[in-house]
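As structure tokens, the structure follows; a few thoughts come after it.
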Amino acid sequence: MATRREELTRTAARLFAERGFHGTSMGDLADAMGVQKGSLYSLTGSKQELLQEALRRGAIAFHGALDGVPEEAAAVERIRLALRAHLRVVAEQLDVATVFTREWRYLEGNAREAFLAERRRYEERWRSLFREGVDAAAAALLVLSAANWAYTWLSPGRDTDELADRFTAILVDGVRGYATRS
């Protein structure tokens, strides 16, 4: 049962990423799973529940990626490693990353509020990376805006570490250049 549930959650994430939450029906999920639509309800209570699970997995993946950034590293190095980790999640878990970034808007009620709190917590973790001498809110927004849209342009197999390093260099050089003009 757990294995089929895992498969359903992965399938839902894939279809939500490809077609959007509203563009995916329970019938679409059943077809993709090769089962009757009614059989899905033995695995999940609703499509909304599947969206919640896909988003939870995204939150776990992104937070887990940041957990791997060593706190003792220099500020710029932590930013570089965090960006590498974020882009690695996008590249390795494209469906979940896409749903995390785009489809959360369709959550309802308490699940939406809980997700928004989790999203704010993730953004706060990024802001904390930038607090040493830069506008933390603006820098975190800039990085996450670029990284969160990676699902639209990042090709499978691309060297995400090299890409993150290039982004970091642009960001850090830009921040340093701005800071020296003051």
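Taken together, the values in this text are just the output of simple stated rules run on the coordinates, not laboratory data. The model shown is predicted, which means the values in this text are computed figures rather than measured ones. Glycine gets a Cβ as well: all are built from the backbone with ideal geometry, and neighbour counts include every protein chain shown.
Brief remarks follow.
- Along its principal axes, region 42-104 has C-alpha extents of 49, 17, 17 angstrom, given from the largest down.
- Viscosity 0.692 mPa s, 37 °C: Kirkwood-radius Stokes-Einstein D of the chain over Cα pairs, µm²/s: 187 µm²/s
- Extension gain (nm, one decimal) between Leu116 and Arg5, 0.36 nm per residue minus Cα-Cα: 37.5 nm
- Once each of the trypsin sites (Lys or Arg not before Pro) sitting in a DSSP loop with at most 15 other beta-carbon atoms within 10 Å is removed, the chain keeps 1-130 as its longest stretch.
- Sequence-ordered 3J(HN,Hα) estimates for region 56-68 from the Karplus curve with 6.51, -1.76 and 1.60 and θ = phi - 60° stand at 4, 5, x, 4, 4, 5, 5, 5, x, 5, 5, 4, x Hz, glycine and proline given as x.
- Using alpha-carbon coordinates, inclination of helix 160-181 to the longest axis of the chain, degrees: 40 degrees
- Extent along principal axes [Cα atoms of region 1-98; Å; largest to smallest]: 54, 25, 18
- Spin-label model, Tyr41/Arg125: points 7 Å from Cα along the beta carbon direction are separated by 3.7 nm.
- By the Stokes-Einstein formula, at 1.567 mPa s and 4 °C, region 106-160 with its Kirkwood radius over alpha-carbon pairs has D equal to 100 µm²/s.
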